[in-house]
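A short worksheet on the structure shown next.
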Amino acid sequence: MTVELPDDSTRPMAPKLSGVSESQRHSGRHLAMIHAMHLRELSRVNQAMEQVFEGKGTAQTLLTTISSMQMVANMRRFGNLCGAACELLTAHHSIEDHYMFPGLLGHSAALDKVVQRLKAEHLVIHDLLVRLEAAAVALVTDSGKPNATALREEYRRLETFVNSHFGYEQSELEEALGFYGVQV
């Protein structure tokens, strides 16, 4: 399965809100801090992966690092596997999807489109996490160059998508979260 990376030109934009106070921007900035925590986890995986490629670490250590990521643990804890309609949700995305996003819906058609796009991107991120862990398992099973290359590609795809998604979410929701009283 090919995963399409986000195309900024297809992403809907939230309406600009007038009169948003600094305290109302707090929720959006809090969301950015949570995102920074997830990006630190991805950096930790990248460091472990590069150690394997430099001969300073093992594939098993990398798999342990990936499998212990809070994002993967949350996906296992809160996700479910239900065929074609499968939704593997991390706790972070579950909170956004079930608490934060409903508080943003119904205020404007443009904001509703942003929320729907973000929810769709959550599904892609969860698929990418599953693929990353599967690639690490394949590398543990067979540490050959094709599996190592595949793992590196899956990681880069995940990292690129998550960075793009977080940036989009933060820029489009920073004002709206506090303005509409959605606490993060």
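The values are calculated or read from the model by the stated rules, or taken from the named source; none is laboratory data. No experiment lies behind these values; they were computed from the predicted model shown. Note that we place each Cβ from the backbone using ideal geometry, even for glycine, and neighbour counts take in every protein chain shown. Areas reflect the complete protein model, heavy atoms only, side chains present, ligands, DNA and RNA absent. Shrake-Rupley method; radii C 1.70, N 1.55, O 1.52, S 1.80 Å.
Of the helices (runs of 4 or more DSSP H) contained entirely in region 43-126, those carrying at least 3 residues that are surrounded by fewer than 19 Cβ atoms within 10 Å (Cβ to Cβ) and modelled with pLDDT of 65 or more fall at 59-67. Only residues that are part of a loop (DSSP other than H, G, I, E, B) and within 19 Å of the chain's Cα centre (by Cα): list them for region 167-184, please. Selection gives 184 alone.
Residues in region 1-14 that are surrounded by 15 or more Cβ atoms within 10 Å (Cβ to Cβ) and modelled with pLDDT of 90 or more: 11, 12, 14. Please verify whether residue 139 is within 15 Å of the chain's Cα centre (by Cα) and of a type outside the set (Asp, Glu), treating the condition exactly as stated. Considered against the rule, which asks whether it is within 15 Å of the chain's Cα centre (by Cα) and of a type outside the set (Asp, Glu), residue 139 comes out as no.
State yes or no: is residue 144 under 21 Å from residue 28 (Cα atoms) and either surrounded by fewer than 19 Cβ atoms within 10 Å (Cβ to Cβ) or modelled with pLDDT of 85 or more (or both)? In short, no.
The conditions of being open to solvent by 70 Å² or more (accessible area, probe 1.4 Å), more than 19 Å from the chain's Cα centre (by Cα), at pLDDT 70 or above and closer than 17 Å to residue 178 by Cα are met by residue 23.
Among the residues of region 147-179, those that are in contact (Cβ under 8 Å) with a residue 40 or more places away in the chain and open to solvent by 60 Å² or more (accessible area, probe 1.4 Å) comprise 152, 157, 160, 163, 179.
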